[in-house]
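Heads up, the thing below is written out as C-alpha cells.
The values are calculated or read from the model by the stated rules, or taken from the named source; none is laboratory data. Keep in mind it's a predicted model, so treat the numbers as computed, not measured. Cβ coordinates were reconstructed from backbone atoms using ideal geometry, including for glycine residues, and neighbour counts include every protein chain displayed. The accessibility values were calculated without ligands, DNA or RNA, using every heavy atom of the protein model including side chains. Shrake-Rupley method; radii C 1.70, N 1.55, O 1.52, S 1.80 Å.
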Amino acid sequence: MNAKLSPINELNGIIPSLHTPFKNNKSIDYKSFEKLVLHTIDTNCAGMLLSAVAGETQNLTFNEKAEMMEFVLDVSRNIIPIIFGCSSQKIEEIYSLVDLARQKKIKWVLIQAPLNLDESDLIAFYKKINEIGPSHLMIQDLSWDGYGLSDAIIQNLINEVSNFKSLKVEVVNSGKKYSNIINLTKNKLHLTGGWAATGFIEAMRRGVHGFIPSTMETIYNSVYNLMINNEEKEARKLFYRILPAISFAHQHIDISIKFYKMLRVAEEIFSTDMCRGDIQEFDEAQRYEAEFHIDNILNLQKELLNKNNK
C-alpha cells in the first residue's frame, strides 16, 4: 500500500455504523440492540459508531439518544471504542449531546459539519465543541454532490481545534480526497471512509486507516486483514464477492438501511427490519433482489467462520 497506516490510533480497522433496531411499534428494541453490540465486539471490530445516518439519527429524539448512550456503555463495557454521533439540524442540540457524551465519559464523538456556515463560523462551532466535548472528535465530511470541506478549512480546523483527531470522508471522488488529506497532514490525521464502500480496496491502497460500513463485519475484517498482510489478490477475490450486494444497497441511503436491516433479521440479530421516517418497504422485485444477496452474504460469512475455526 502506498501510505503507511498510523500505528498509534485505536480506530484502525472496521468500525460499523450500527443500525437502530425497532420493534413493530417503532420503539427501540433494546434486546436486539444488545445482540448487535455484542456481535460487533465478537467479530473483532476496531470500534462502533452509534446514532449516525445508518442509525436513522434524524428520527431519534434527544431522550432516546441519551438513553442509547447509557445502554451501549453498559453493554459494551468499553471493550472496544464507542463513537457517538451527535449530529443534528439544531446546533443547540449538538452542543447538548456533546456535553452529555463528555459527562458519560464517551471518548469519541462524530459531528457532521453543519451546512451553510462560512469558514469562520464553522471554526467557531468546532472550537466550542472542543471546549465542552470529549477528548476525541471525528468530523463527518459529507457531501452527496461535491468535494465537501476544502483542504484549507481542514488545515485550519487542525490548527484551531485540538481535539480534532479523525476525518470521516463521504464525498464525490473520495479517493483523491483521501490522498490529498494524507499528504496535507503528513498522515498524522486519522482518516476514515464511510459511504464509499465500493472503493474499499483503493482506499486501503491510499492509506485510509478506518472504515465505517454498517454490516458484514466478518467479511470486511477479512478483506482488511488480507490487505494489511499484503495479500491483495486474495483480498480482491473476497471483496468482489460482496460487490453486487453493495451495488444494490448503494442505489440510495434508504435502500441501504432497509436492506442491511433485513440482513440483520436473517442473522437473527434483529427481530424486525422496521424503519422510521420516510424509508419505504421494498416492493416485490426489490425484496427478491435483497433476499438473493442476503443468501450470498450469509453463505460467505459461514464459509469464512468455518475457515477461521479450522
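Over 25 Å from residue 228 (Cβ atoms), out of contact with any Asp or Glu (no Cβ under 6 Å at 6 or more places or on another chain) and open to solvent by less than 50 Å² (accessible area, probe 1.4 Å): does that describe residue 55?
Spelling it out, residue 55 is indeed over 25 Å from residue 228 (Cβ atoms), out of contact with any Asp or Glu (no Cβ under 6 Å at 6 or more places or on another chain) and open to solvent by less than 50 Å² (accessible area, probe 1.4 Å).
Would you be able to say whether some residue in segment 23-43 is under 23 Å from residue 208 (Cβ atoms), surrounded by fewer than 19 Cβ atoms within 10 Å (Cβ to Cβ) and touching a helix residue (DSSP H, G or I) at 6+ places or on another chain (Cβ under 6 Å)?
Scanning segment 23-43, I find at least one residue that is under 23 Å from residue 208 (Cβ atoms), surrounded by fewer than 19 Cβ atoms within 10 Å (Cβ to Cβ) and touching a helix residue (DSSP H, G or I) at 6+ places or on another chain (Cβ under 6 Å), so the answer is yes.
Pull out all pairs, ordered by first then second residue, where Cβ-Cβ is under 8 Å, the residues are six or more apart or on different chains, the first lies in segment 285-310 and is touching a residue at least 60 places away in the same chain (Cβ under 8 Å), and the second is open to solvent by 80 Å² or more (accessible area, probe 1.4 Å).
Pairs that qualify, where the first residue is touching a residue at least 60 places away in the same chain (Cβ under 8 Å) and the partner is open to solvent by 80 Å² or more (accessible area, probe 1.4 Å), are 300/241.
Within 16 Å of the chain's Cα centre (by Cα) and within 23 Å of residue 216 (Cα to Cα): is that true of residue 53 in this structure?
Yes.
Given the criteria exposed (fewer than 14 other Cβ atoms within 10 Å of the Cβ) and within 20 Å of residue 212 (Cβ to Cβ), does residue 78 qualify?
So residue 78 passes the test.
Taking segment 103-118, which residues are surrounded by fewer than 17 Cβ atoms within 10 Å (Cβ to Cβ) and over 22 Å from residue 149 (Cα atoms)?
103, 104, 105
Hey, could you check segment 146-175 for residues that are without any contact (Cβ under 8 Å) to a residue 40 or more places away in the chain and within 16 Å of the chain's Cα centre (by Cα) and say which is surrounded by the most Cβ atoms within 10 Å (Cβ to Cβ)?
169
If a residue must be free of Cβ contacts under 8 Å to residues at least 40 places away in the same chain and under 16 Å from residue 13 (Cβ atoms), how many such residues does segment 179-198 contain?
2
Looking at the structure I just gave you, is residue 61 open to solvent by 60 Å² or more (accessible area, probe 1.4 Å) and closer than 27 Å to residue 273 by Cα?
Judged against the criteria, residue 61 is a match.
Go through segment 208-230 and count every residue that is in a helix (DSSP H, G or I), surrounded by fewer than 18 Cβ atoms within 10 Å (Cβ to Cβ) and polar (S, T, N, Q).
Counting residues in segment 208-230 that are in a helix (DSSP H, G or I), surrounded by fewer than 18 Cβ atoms within 10 Å (Cβ to Cβ) and polar (S, T, N, Q) gives 1.
Do any helices (runs of 4 or more DSSP H) lying entirely in segment 79-190 carry at least 2 residues that are under 20 Å from residue 46 (Cβ atoms) and hydrophobic (A, V, I, L, M, F, W, C), and which ones are they?
The qualifying helices (runs of 4 or more DSSP H) are 174-184.
Return a yes/no flag: does segment 119-126 have any residue that is crowded, with 20+ Cβ neighbours inside 10 Å, closer than 30 Å to residue 77 by Cα and modelled with pLDDT of 95 or more.
Yes: segment 119-126 contains one or more residues that are crowded, with 20+ Cβ neighbours inside 10 Å, closer than 30 Å to residue 77 by Cα and modelled with pLDDT of 95 or more.
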